[in-house]
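The values are calculated or read from the model by the stated rules, or taken from the named source; none is laboratory data. Remember, predicted model here, so these are calculated numbers, not experimental data. Counting neighbours? That spans all protein chains shown, and the Cβs are built from the backbone with ideal geometry, glycine included. Calculation scope for accessible area: heavy atoms of the full protein, side chains included, ligands and nucleic acids excluded. Shrake-Rupley method; radii C 1.70, N 1.55, O 1.52, S 1.80 Å.
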Amino acid sequence: MADVTAVQAWRSHGATRRSTHTLHLRVSAALIAVTVLAVLLVPPLVRLDQQAVDLAAKLLPPSWAHPFGTDDLGRDLLLRCVYGLRVSLLVGVVAAFTATLIGTAVGATAGALGGWADRTVMRLVDTLSSVPHLLLGIFVVAMFRPGVWPVVISVALTHWLSTARIVRAEVLSLRSRPHIDAAVSGGASRWRVTVRHLLPGVLPQAGLAAVLMVPHAMWHESALSFLGLGLPTHTASLGTLIQGARGSLLAGQWWPTLFPGLFLIIPTLAVAGLAGVWRERINPRRRSELML
């Protein structure tokens, strides 16, 4: 009887976990959908110039006319946040997928070749990882004029290291599988084994790394722009909006800092929620635990 009660309690606990899991998925998907719709629909539907200056309306608190208030130049903060989110998402998506391509190529090559090539590549990865990302990113951005693409290059060149480690570990795990041994025994070349068997096996992990890297790249761009080293100050990005609102925050006007920060935090939480679902789907053991 005690065993039956324990099983029922465990199943009830599993049902609660599944319902919480489903709720997190729906909330994350809804936040991502709202973010994408705002980025795609607000600029063409709202016929306002996000750069239009109105000094008579500067630093107005949130109201029906300006739901997020106005900044220190009288510009509508909601429209500026949407345009800033567009730029930050562009930087985040392009940089994340570029870094994932680099990391996947390096990690797959190191894992497939093995031996001295693997050791050499991973020592290079360890050396670059010892340098803080932000410091290395500042060095890269300093070589170009301020703009979107220098920031993309900076983020991409400093964020492929973790993906390379993940892909290499997955390749080393796949190399011990029976079907890989069968392909090698059948006379398949190393290139064929890598392209036909190893790369398809690491794509789910690489895709998950790319998705998780998007908000990380957005935060990195915001940090560079906040320091005045990323995008030009007249370009609306979440980093430049927060940087420009420092004086207003010290004067007691909280809205120019709060809303750009929320536009940065909410997509990050939404992507993290979706990535958690993805991780559970590609991890059979974790998925089986959720089904109990």
Original post:
For Met122, what is the net charge nearby, where nearby means another residue's Cβ is under 11 Å from its Cβ and Lys, Arg count +1, Asp, Glu -1?
Top reply: +2
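Could you size up the charge dipole of the stretch 24-75 around its Cα centre, putting +1 on the beta carbon of Lys and Arg and -1 on that of Asp and Glu, and report it in debye to the nearest 20? Numbers along the way, then the final one.
On the way: 4 positive and 4 negative charges, 44 e Å.
Charge dipole, the stretch 24-75, about its Cα centre: 220 debye, nearest 20.
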Subject >> the chain shape via C-alpha gyration tensor axes, a/c threshold 1.5 >> reply: oblate
**OP:** For Phe144 paired with Ala169, estimate the spin-label separation in nm (one decimal), with each label point 7 Å from Cα along the Cα-to-Cβ line.
**Re:** 3.0 nm
Subject >> MRE, 222 nm, helices only [DSSP H, n ≥ 4, -39500 (n - 2.57), over the chain, to nearest 500] >> reply: -25000 deg cm²/dmol
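Where in the chain are the helices, taken as whole DSSP H runs, whose Cα atoms extend 24 angstrom or more along the long axis and whose Kyte-Doolittle mean reaches at least 0.5? Before the final figure, lay out each step's value.
Details: long enough: 2-45 (64 Å, 0.68); 77-113 (52 Å, 1.68); 199-226 (39 Å, 0.92); 255-282 (40 Å, 1.08).
What comes out of the filter, once short or polar helices are dropped, is 2-45, 77-113, 199-226, 255-282.
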Subject >> Inter-part distance where the stretch 208-242 and the stretch 149-174 are each reduced to a Cα centre, Å >> reply: 19 Å
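Under a point-charge model restricted to the Cβ atoms of Lys and Arg (+1) and Asp and Glu (-1), what is the dipole moment magnitude of the stretch 36-136 relative to its Cα centre, in debye to the nearest 20?
Values: 7 positive and 7 negative charges, 29 e Å.
Magnitude of the dipole: close to 140 debye.
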Subject >> Net charge dipole size for the stretch 146-292 [Lys, Arg +1 and Asp, Glu -1 on Cβ; Debye, nearest 20] >> reply: 600 debye
**OP:** Report the residue, chosen from Gln243, Gln51, Gln205, that carries the largest GNM mean-square fluctuation when the chain is represented by alpha-carbon nodes joined by springs under 10 Å.
**Re:** Gln51
Original post:
Using a Förster distance of 35 Å, how high is the FRET efficiency between Val131 and Leu203, based on the Cβ-Cβ distance and rounded to 0.05?
Top reply: 0.75
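Per the 1.4 Å probe, what fraction of the accessible area of the chain, in percent, lies on carbon and sulfur atoms?
Taking all protein chains in place, the chain shows 68 percent carbon and sulfur surface.
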Subject >> Anisotropy class of the stretch 95-185 from Cα gyration tensor, a/c 1.5 cut >> reply: prolate
**OP:** Would you work out which of Met143, Leu90, Leu198 lies farthest towards the positive end of the dipole of the stretch 80-211, given +1 charges on the beta-carbon of Lys and Arg and -1 on that of Asp and Glu, about the Cα centre?
**Re:** Leu90
